[in-house]
Amino acid sequence: MKHFFLVLLLVSAFCKAQENLPFAEEVSALEKKYDSLWDTSKETVVFAGSSSIRVWKNLETSFPEHQIINSGFGGSQASDLLTHINTLILRYKPKKVFLYEGDNDIASKKKTKDIIATTQEIIQLIKKQNPNTEIVLIAAKPSKARWKLKGKYKRLNKKFIKLAKMDPLLKYANVWDAMLKGRRVRSDIFVSDGLHMNSKGYELWYEVIRPFLN
């Protein structure tokens, strides 16, 4: 009987710990959403990352020939995606994964080397499940709200490019350049907060992302 209660206590503690993880509610909501939408018989493409992925409202309809899972969750950093990788990426056994992290990491003053190290962990776990999964690193985007941090964003993107060159199944999607006008970020592609994109911004992303899906 003592063993039974010990197991019950451990299970309860584990469930409590899971509930207290950062973004647990958001991740649980995404899991429930795709429980009813995901067709296990079809090849799947996962877009994962922070709010720039989450608020891409027409992502699925932009690529109707593919089964798209949008598992983005607002405010996330690479470490948060790593924490929830099983629920947000691995459970779908994806053929291809698009990753967008680093934006919030830089704003939170994380070092480039730490962001890259976490990104490598994410890549390794995806590759461990299926070595043939294609992974696309989406560049950390420029924005009006965080333009003062542009130097750090550019350094991170250079590291992403270097990382992508190490593996033929690892690619880099350069949304950074597409969002510039001359040497400044375009002002007409954001909503009022100057951070998140409007439909014009996502049209630019679509043109950059499209070749990686065809």
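The values are calculated or read from the model by the stated rules, or taken from the named source; none is laboratory data. Because the structure is a prediction, the values reported are computed rather than measured. Note: ideal-geometry Cβ built from the backbone for every residue, glycine included; neighbour counts use all protein chains shown. With ligands, DNA and RNA removed, areas are computed over all heavy atoms of the protein, side chains included. Shrake-Rupley method; radii C 1.70, N 1.55, O 1.52, S 1.80 Å.
For the structure I just gave you, tell me whether TYR92 is farther than 23 Å from LEU204 by Cα and modelled with pLDDT of 95 or more. Against the criterion (farther than 23 Å from LEU204 by Cα and modelled with pLDDT of 95 or more), TYR92 qualifies.
Checked against (1) within 24 Å of THR119 (Cα to Cα); (2) open to solvent by 20 Å² or more (accessible area, probe 1.4 Å), MET179 meets all criteria but (2).
Filtering region 26-71 to residues that are open to solvent by 50 Å² or more (accessible area, probe 1.4 Å) and either under 16 Å from THR133 (Cα atoms) or of a type in the set (A, V, I, L, M, F, W, C) (or both) leaves ALA29, LEU37, TRP38, LYS42, GLU43, HIS66. In region 171-196, the residues that are without any contact (Cβ under 8 Å) to a residue 24 or more places away in the chain and under 12 Å from ALA145 (Cβ atoms) reach residues that are open to solvent by less than 40 Å² (accessible area, probe 1.4 Å) and in a strand (DSSP E or B) with C-beta atoms within less than 8 angstrom, at least six apart or across chains, in these pairs: VAL191/MET197.
Screening LEU163, LEU156, LEU204, LEU149 for residues that are under 16 Å from the mean Cα position of the chain (by Cα) and assigned to a helix (DSSP H, G or I) leaves exactly one candidate, LEU156. Looking across region 107-146, the residues that are among the polar types (S, T, N, Q) and either surrounded by fewer than 19 Cβ atoms within 10 Å (Cβ to Cβ) or assigned to a strand (DSSP E or B) (or both) come down to SER108, THR112, GLN120, GLN124, GLN129, ASN130, ASN132.
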